[in-house]
Structure formats: C-alpha cells, structure tokens
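Okay, so here's the structure we're looking at.
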Amino acid sequence: MIPNIARGAGFQVFALIILGTFTLSGMHALVRFVSHEIDPFEIAFFRNLCGFIIFIPWLVRNGIGVLRTDRFGMHLLRGSINACSMSCWFWGLSMTPLAQATALISTMPIFVALGASLYLGEKVGLARWGAVVLGLGGTLVIVGAGVAKLDLGFVLIMGSCLFATGSRIFAKELSDSDGAATIVAWVTIVMTPITLVPALFVWTWPDLNSLIWLVAIGVLGTTSHVCIIQSYKWLDVSLVEPFLFLRLLWAAVIGFLLFHEIPTLNTWIGGAIIGVAIVSLALYEYGAKRRGRARAARADALPAE
C-alpha cells in the first residue's frame with residue numbers, strides 16, 4: 001500500500017497519472033508539430049488562452065467563488081515561474097527530438113524532491129544526493145557527455161526543468177489550502193498575459209488548420225494539469241513525480257508514429273538510469289515513511305512514566 005492515498009482513491013490516482021502523462025506527451029508532440037509554422041512563444045500564449053477559455057463555462061456554472069484564495073501572492077509567483085518554464089520548454093522542444101527532450105525533463109522529480117526537502121523542511125539525506133548524482137549521470141549519457149552537444153535546446157530544456165521544479169513545489173504547498181481547479185485556474189489566468197508579451201514580438205496570425213492544433217494543445221495541456229494537480233491531493237509529491245516517468249514511454253511511441261524519430265541508444269540508456277534514480281528515490285521515501293510510522297506506533301505503545 002502506497003502511503004498517504006485517500007481512502008478508496010488508489011485506482012483513481014493511478015488512472016489520473018496515466019491520463020495526465022499521456023495527454024502531456026500528446027501536447028508536447030503537437031507543440032513540436034506546430035512549431036514549424038508558429039513560433040514557440042506564440043504557441044505558449046495560445047496554450048494558456050485556450051486553457052483559460054476552457055475554464056470559463058466551468059466558472060459560470062460554479063461561480064466566481066472558486067477563485068477565492070488567501071494566497072494570491074503565491075499563485076502570482078507560481079504563474080510567473082510556470083510561464084518561464086513553459087516558454088523555455090516549448091522553445092527547446094522545437095529543436096530537440098521528442099524522446100530526448102522528454103528524457104531530459106524527466107530529471108525534474110529529482111530536483112523536485114530536493115527542492116521539497118529544502119523549501120518544505122524535509123531532511124536531505126545521502127539517498128537523495130545519490131539520486132541527484134545518478135540522474136545527472138543519466139542526463140550526461142543522453143547528451144553524449146560532450147560539451148559540444150550541450151546546445152541551446154539542452155540549455156532551454158534544463159532551464160525549463162528548474163523553473164518547473166519551483167512551480168511543482170508551490171503547487172504542492174497550494175494544494176494544502178486550495179482545490180485543484182482553483183490552482184489550475186489561477187495559474188492560467190496569470191500565465192496568459194505574461195506569455196502574451198513575448199508572443200507579440202513574433203506574432204503571426206494562424207490559419208484555421210494551425211488554430212485547430214493550437215486549441216488541441218490547450219485542451220490536452222489543461223487536462224494534464226488538472227490530473228496531476230488532483231493527484232497531489234491524494235499522494236505525496238515525492239511519490240507522484242516518479243510515475244511521471246511514463247512520459248518517456250509515451251514520447252517514444254508518439255515520436256516514432258508522428259515524426260519517425262527513433263530514440264538513440266544513449267536516450268534509452270540515459271532514460272533508464274534516470275528511471276532507476278527516480279524509482280529508487282521513491283522507494284526510499286516510501287520506506288522512510290513506513291519506518292517513521294512504525295517508530296511512532298512503538299512510542300505510542302510505551303507505558304506512560
């Protein structure tokens with residue numbers, strides 16, 4: 001039994017994660033496809049605009065009260081960080097094979113675990129540092145361990161990873177007080193005007209075909225965001241993140257079917273190393289929580305002096 005899952009929500013949380021990773025990979029594939037015609041900065045704006053439009057009927061039905069929060073500053077900060085992450089990611093994705101980009105971004109759970117430890121006060125032990133070293137080693141395998149291959153696409157994707165780490169940590173903190181819909185609605189509201197600014201400098205009006213793909217990107221991205229944020233309410237963030245490694249599998253399949261991209265041996269080996277690091281970290285976290293509960297139970301069983 002995985003700890004900290006709401007009663008009766010075991011199947012739902014895993015179904016949400018699978019759906020979230022699949023729709024996320026689908027969105028990334030469409031971004032790569034549309035980026036040949038539309039600038040990545042403009043794609044980022046339309047992704048947020050479409051996501052916001054999707055929420056309008058829901059807001060009308062449920063009332064503006066869903067936006068009520070005592071943590072507006074945190075939502076504003078998270079939206080700004082997420083806008084930076086999305087812009088870097090879409091730009092990097094336009095110049096990097098889908099499976100390789102997904103493998104690189106899969107290092108995020110390691111940084112999230114460390115960030116949660118530092119920001120949320122969790123203890124950083126040798127296991128977490130070991131996971132970081134192993135994950136970075138996998139990243140070096142993917143890029144060929146050569147400085148000449150550390151191109152702009154790599155820098156943008158890893159920059160996106162670092163920005164997204166902050167966003168995930170803030171999302172976890174916000175989930176303690178706000179609902180998933182509130183968190184997703186606010187991040188979309190904040191990101192839409194922020195991503196409009198760089199889009200204006202590269203703006204081209206999309207034709208009907210491109211507009212349909214842009215709407216699909218917004219729908220897939222919003223669906224994925226809701227699924228992952230909701231899973232945070234049922235499962236610890238350090239245990240949700242390892243399951244997001246499923247994105248590499250989806251990306252490899254979609255990249256092959258749509259772009260005829262065959263992942264290199266380095267990508268598979270590096271991805272496997274990153275996967276081992278993430279899963280090992282999750283198992284360690286699970287074991288640590290079990291040991292902590294066992295110690296607490298023994299302490300409660302001791303007779304009072």
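Derivation of every value follows stated rules applied to the coordinates shown; laboratory data play no part. Only a predicted model underlies this, so the values are computations on that prediction, with no experimental measurement involved. Note: ideal-geometry Cβ built from the backbone for every residue, glycine included; neighbour counts use all protein chains shown.
Put the Cα centre of the stretch 202-228 next to the Cα centre of the stretch 13-82 and the gap is 9 Å.
With the highest mean first, a sort of the peptides 30-42, 183-195 on other beta-carbon atoms found within 10 angstrom per residue produces 183-195, 30-42. Sorting 200-210, 155-165 by average packing, meaning the other beta carbons within 10 Å per residue, from highest down gives 155-165, 200-210.
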